[in-house]
Amino acid sequence: MRYVAMVVVFGLLVVGAGVYSAQSAQGAASHDRRLIEWPGRENSITSSIPVLKTRMDQARLNYVTLKQVEQKQQEQAVKNQAATEQFGEWGPYLVEAAEMYGQDPAALYRVMICESKGDSNADNGVCKGLFQFNPSTWAGTPFGDQSIFDGQAQIKAAAWMWSQGRKGEWTCG
């Protein structure tokens, strides 16, 4: 869509330049510049060209930015696929949390499997979720306002706790 807008703006620039050239060729070159009417306003062709150039530059920048976003999304999809292949359905979240808090995703995975076998609804009567958090411990994490059964939040909370030197609170692993 932005590419189309860039082409339209470029077309307007070319047409405008052609009109200006045609006027000059007909003898209107000196001080008698004709006005081109734009919807809602009038601008001389010489003042319109910088506006069109600015719009073209913005359209080009938007196009480049869009391509960069698409490339990053593709790279993230490849990374998520690799994490899923290595650690199962929770893989992308394990890798994300590990990177966020400077931890090893494989170690997080081992503890998660040991504690709950990867079941975010695991409940032993006291401890709950992927990492079997005690509700009072859970409440003391930055994720304590979220459901204790939220797997993504549990992964981030465990990685956060480990970054705070609290890895020893798990006997698994």
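Remark: ILE49, ILE148, ILE155 ranked as ILE49, ILE148, ILE155, counting other beta-carbon atoms within 10 Å and listing the fewest first. Note on ASP57 and ASP150: their simple-model spin labels are 4.4 nm apart, each label 7 Å out from Cα toward Cβ.
Exposure proxy check: MET112, MET100 ranked by fewest other beta carbons within 10 Å?
With the fewest neighbours first, MET112, MET100 line up as MET100, MET112.
Find the percent of Cα-Cα distances in the stretch 47-143 that exceed 15 Å, and round it to a whole number.
Details: 3381 of 4656 pairs.
So the pairs more than 15 Å apart make up 73 percent of the total in the stretch 47-143.
Which FRET efficiency value, to the nearest 0.05, do you get for SER163 and GLN74 by plugging their Cβ-Cβ distance into 1/(1 + (r/R0)^6) with R0 = 30 Å? Don't skip to the answer; put the middle values down first.
Numbers: r = 30 Å, r/R0 = 0.99.
With R0 = 30 Å, the Cβ-Cβ based efficiency is 0.50.
Across the cross-link table entries LYS117/LYS156; LYS67/LYS156; LYS128/LYS156; LYS79/LYS167, which are compared at the Cα atoms, the separations over 22 Å belong to LYS67/LYS156; LYS79/LYS167.
Taking 4 °C and 1.567 mPa s as the conditions, I'd like the Stokes-Einstein D for the stretch 102-169 in µm²/s, using the Kirkwood hydrodynamic radius from alpha carbon pairs.
Numbers: Rh = 11.6 Å.
In µm²/s, the coefficient is 112.
Coordinate-derived values only; no laboratory data. Bear in mind that the values here come from a model prediction, so they are computed numbers and not experimental data. Backbone-built Cβ (ideal geometry, glycine too); neighbour counts: all protein chains shown.
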